Amino acid sequence: MKKNKWGWIVFLVLGISHGGAQSLKEPVDYVDPWIDSANSRWFFFSSACRPFGMINLSPDTQLDGAWNSGYRYNETFIHSFSHIHAWQLSGIPVMPVTGEFDPTVGSALYGSNFDHADEVVAPGYHKVYLKDHKITAELTSTTRVGFHRYTTEDDIPLHVLFNLGAELGPSDMVDCLSRQVNNREIEGYVTAKGTRRRPKDTRIYFVAFFDKPMLGFRCWDGSKTLMYETDIQGDDIGVWLTFDSSRDRVLQIKVAISYVSIDQARRNLQTECPHWNFDRVRQDSRRIWNEWLSKVRVEGGTEAQKIKFYTDLWHSILGRRIVSDVNGMYCDMTGDEPVTRQIPLDEWGNPEYHHYNSDSFWGAQWTLNTLWSLVYPRVASEFTRCFLDYYDNGGLIPRGPSGGNYTFVMTSAQTTPFIVSNYMKGIRDFDIDKAYEGMRKNHFPGGLMSKAGYEHESSEGGGIEYYIERGYIPLGIKARAFHVSGAGQTLEYAYNDWCLAQMAKALGKADDYELFMQRARNYRNLYDKESGYMRPRMMDGSWITPFDPADRTGFVESNAYQATWYVPHDVAGLIELVGGSNVFNNKLNFAFEQAEPHRFVSSHGEYDDHLNYGNQPATQVGHLFNYSGAPWLTQEWIRRVNEFAFGGITPESGYNDDEDQGLMGSLSALMSMGLFQMRGGADIRPIYELTSPVFDRIVIELDPDYYPGKTFEINVSNNSDSTVYIQSARLNGVELNKAWFYHDELVHGGTLELELGPTPNKEWASDPQAAPPSMSTEIGD
């Protein structure tokens, strides 16, 4: 290994026998899309995709259901290459075949076996050999255009199937259309039927161009094939196109989509990919991914740690999808009928931001909120502006939109911490007054706090009336919804209220500040001193009896063991409730000791362990020791969690079966960088809390459109697997005797120096006066 003078670029010596040629290994080269691909969900694996791409083109080895579907590493059969792998959305499957086939019998009979030995996967590219058809398939994409290249071995005709009515992942397809435009183009649409989470049907339009003329265009409808049609419409329909391979065995296809219209899909294609140079698109994808990933450069650590870090960073900007077109048009589905709307254009005629399809921001205060605002502040801004358009169009800021509409995914007003954090960090290129108005609405009856998970037809399961009247949400609310879990909802609402109180204070809204600060103390109404845990209350105010802290009843994908620690805005107040720092540290350390044999992860759907780093509600717990006078325990346990829960780089490990659209990737990346934000950056003056990074050097490139500095650098001396404890720290050359510093210090640029050692320095950052701020300790709170 040879390092250049900047220290972060690694030279790999290749081909020494041919003159000692060298090539650079860039951040994009460390990304391994196969990590944990044997597990997880429909939207997890996306190979031929750009950052936040509308197109997510990749093979499908399992078709049915939102879970255990899409590309799964241990499967050996490909059904199709489909273009949309998004949360609650799918569509446009394509499959090349040769020889005899019957399209009406389904992909299980006309698909193909494959072998990983004949497969290449990288960000923006997928290559696989279809053994049953003797076809090499290559996939790449722009943001809104999927690009296929199929190479056959024999000179027999090549057929390309568009099984438009096929069930894909979370969606059944209904009301599909395909028509032949000419001998090199088809167009149409599919309709993704509504789901429990996305209740409205979603229309997805497409155009497909071919680089040589088709010999035939045929259709099928259910079990019938139709010989002489040039268009077809229905539910269970598809088309297949035949091409001559006798003279040219390569066929290229470009497929563009839009949620607005066929004409808009064609505009997306003509704007983003007017040419037929597949390799150029592939190289552009690699370059674009590398530019995004290079915002953080690392040196030191192991090869496995670099692979995992850049794969984590890749996932943080991969899973959530753009749904607006290249000219800024998008489909608003918040009303009774679809409405086409326009994003404002800048002085050059380009959209000022994008619209996104996104799973929830539940727990994102410890993951995406922190990482995006630090490394990708423009992304944080765009999501905020997108959410405010939802407020304009539909009357609510969403939790996580899909198909241009509300899903009411999970619980609480989870986008409040996201928007407040952005504002507090200086990301303010959005309508602040509108944002406050929309967030405030969500914290009262009629807003998001009225609704529990996926509660579309009523506003009861959120329990906000009880929360306002009693200071807690009891068990026993009847609602057709998920996650009607009073104790868990109460804890989330209290944190959300604290976030909104900070926004009110920043905007000079004194009455609202006092109101929401009072509500932020509601977590205290659930603490049961006798058991020593947060405990659900019944309708009559009594404690739930019998009570088992391992039982998830009353908690949102959690239990009392885990949820007791969910007071991120007032850790000092929680320490006082529990009985002081010594009791707090012993109790929390015991929880880690109990969870370590299970790699700090509960089985998905069980949530019965003392801790669970496999899901969002308890991902902050290891950093609590920074508040309780034992920062060395944060350093010790976070290193272990990062190694055992997130350190895997095999197809069976890495994200504990559910990376969750960047939430777990960003958490793991932040652990590796040694940075965290307990309060999600929603403080009036946000802070970063410290633990020991796994790398010797980390350089964060700051966005000049948002921050005044150029770079922030973290240098770590004496770093190894056995030297994980911070001995001393210096910020910009000045001794730092606390385990935190301010966001504004970071974004002005500078250097943090950490010295590590093999044993804890229990004097460093352990003074009670050095603890990070909490609601109970801040003046005026």
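Quick notes on this one:
- For region 516-546, a tally of residues being outside any loop (DSSP other than H, G, I, E, B), touching a residue at least 24 places away in the same chain (Cβ under 8 Å) and not small (G, A, S) returns 13.
Residues are listed down the side, and each one gets a yes or a no for (1) closer than 20 Å to S672 by Cβ; (2) touching a residue at least 40 places away in the same chain (Cβ under 8 Å):
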{"residue": "G709", "(1), (2)": "no, yes"}
{"residue": "S720", "(1), (2)": "yes, no"}
{"residue": "S728", "(1), (2)": "no, no"}
{"residue": "L746", "(1), (2)": "yes, yes"}
{"residue": "S766", "(1), (2)": "no, yes"}
{"residue": "M775", "(1), (2)": "no, yes"}
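- Filtering region 729-769 to residues that are open to solvent by 30 Å² or more (accessible area, probe 1.4 Å), assigned to a strand (DSSP E or B) and farther than 21 Å from V699 by Cβ leaves only E735.
- Candidate set from region 589-608 (those that are at positive phi and touching a Phe, Trp or Tyr at 6+ places or on another chain (Cβ under 6 Å)); member that is least open to solvent (accessible area, probe 1.4 Å): F600
- Subset of region 183-195 (residues that are loosely packed, with under 15 Cβ neighbours inside 10 Å and either at pLDDT below 95 or of a type in the set (A, V, I, L, M, F, W, C) (or both)): none
Condition check ((1) touching a residue at least 24 places away in the same chain (Cβ under 8 Å); (2) of a type outside the set (G, A, S); (3) open to solvent by less than 10 Å² (accessible area, probe 1.4 Å)) across all residues:
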site	(1), (2), (3)
G349	no, no, no
H355	yes, yes, yes
F361	yes, yes, yes
T367	yes, yes, yes
T370	yes, yes, yes
V375	yes, yes, yes
S381	yes, no, yes
C386	yes, yes, yes
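One line per residue, one yes/no per condition, for (1) closer than 26 Å to V97 by Cβ; (2) under 26 Å from the mean Cα position of the chain (by Cα); (3) at pLDDT below 95:
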{"site": "H18", "(1), (2), (3)": "no, no, yes"}
{"site": "P27", "(1), (2), (3)": "no, yes, no"}
{"site": "W34", "(1), (2), (3)": "yes, yes, no"}
{"site": "F45", "(1), (2), (3)": "yes, yes, no"}
{"site": "F52", "(1), (2), (3)": "no, yes, no"}
{"site": "N68", "(1), (2), (3)": "yes, yes, yes"}
{"site": "N74", "(1), (2), (3)": "yes, yes, no"}
{"site": "S80", "(1), (2), (3)": "yes, yes, no"}
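- The condition of being surrounded by fewer than 24 Cβ atoms within 10 Å (Cβ to Cβ) and of a type in the set (S, T, Y) holds for Y390.
- The set of residues in region 223-261 that are open to solvent by 20 Å² or more (accessible area, probe 1.4 Å), farther than 30 Å from Y330 by Cβ and assigned to a loop (DSSP other than H, G, I, E, B) comprises S223, M227, Y228, E229, T230, D244, S246, R247, D248, R249.
- Residue match in region 269-285 (condition: under 23 Å from the mean Cα position of the chain (by Cα), more than 30 Å from Q342 (Cα to Cα), at pLDDT 95 or above and open to solvent by 60 Å² or more (accessible area, probe 1.4 Å)): no
- No other residue among T340, T334 is in a loop (DSSP other than H, G, I, E, B) and among the β-branched types (V, I, T) apart from T334.
- Scanning region 624-651 for residues that are open to solvent by 10 Å² or more (accessible area, probe 1.4 Å) and in a loop (DSSP other than H, G, I, E, B) yields a total of 6.
- In region 411-455, the qualifying residues are those that are small (G, A, S) and either within 22 Å of the chain's Cα centre (by Cα) or assigned to a helix (DSSP H, G or I) (or both), and the one that is farthest from R480 (Cα to Cα) is S421.
- Unmet criterion (only one of (1) buried (at least 22 other Cβ atoms within 10 Å of the Cβ); (2) in contact (Cβ under 8 Å) with a residue 60 or more places away in the chain) for P398: (2)
- Failed item in (1) at negative phi; (2) open to solvent by 30 Å² or more (accessible area, probe 1.4 Å); (3) among the small types (G, A, S), with G446 passing the rest: (1)
- Scope region 456-481; condition surrounded by fewer than 21 Cβ atoms within 10 Å (Cβ to Cβ) and outside any helix (DSSP H, G or I); matching residues: H456, E457, S458, S459, E460, G471, L475, G476, I477, K478, A479, R480
- Filter pass, Y561 being buried (at least 17 other Cβ atoms within 10 Å of the Cβ), in contact with a strand residue (DSSP E or B) (Cβ under 9 Å, 6 or more places away or on another chain) and either of a type in the set (A, V, I, L, M) or farther than 26 Å from T416 by Cβ (or both): yes
- Verdict on F444 being hydrophobic (A, V, I, L, M, F, W, C) and touching a Phe, Trp or Tyr at 6+ places or on another chain (Cβ under 7 Å): no
- Looking only at residues in region 114-165 that are assigned to a helix (DSSP H, G or I) and not acidic (D, E), the one that is surrounded by the most Cβ atoms within 10 Å (Cβ to Cβ) is H116.
- Annotation note: of M673, M678, the sole residue that is modelled with pLDDT of 95 or more, among the aliphatic types (A, V, I, L, M) and farther than 17 Å from K295 by Cβ is M678.
- Yes/no for G111 being buried (at least 20 other Cβ atoms within 10 Å of the Cβ), touching a residue at least 24 places away in the same chain (Cβ under 8 Å) and within 22 Å of H159 (Cβ to Cβ): yes
- Cβ-Cβ under 7 Å pairs, at least 6 apart or on other chains, region 197-212 side of a type in the set (A, V, I, L, M) and at pLDDT 95 or above, far side outside any strand (DSSP E or B) and surrounded by 21 or more Cβ atoms within 10 Å (Cβ to Cβ): I204/Y259; V207/A265; V207/L269
- Yes/no for Y454 being touching a Ser or Thr at 6+ places or on another chain (Cβ under 7 Å), at pLDDT 95 or above and under 20 Å from S324 (Cβ atoms): no
- Only a single criterion out of (1) modelled with pLDDT of 95 or more; (2) of a type in the set (G, A, S); (3) assigned to a loop (DSSP other than H, G, I, E, B) is not satisfied by G319, namely (1).
The values are calculated or read from the model by the stated rules, or taken from the named source; none is laboratory data. Every value quoted in this text rests on a predicted model; they were computed, and no experiment measured them. Heads up, the Cβs are rebuilt from the backbone with ideal geometry, glycines too, and the neighbour counts pull from every protein chain shown. Accessible surface areas use protein heavy atoms only, side chains included; no ligands, DNA or RNA. Shrake-Rupley method; radii C 1.70, N 1.55, O 1.52, S 1.80 Å.
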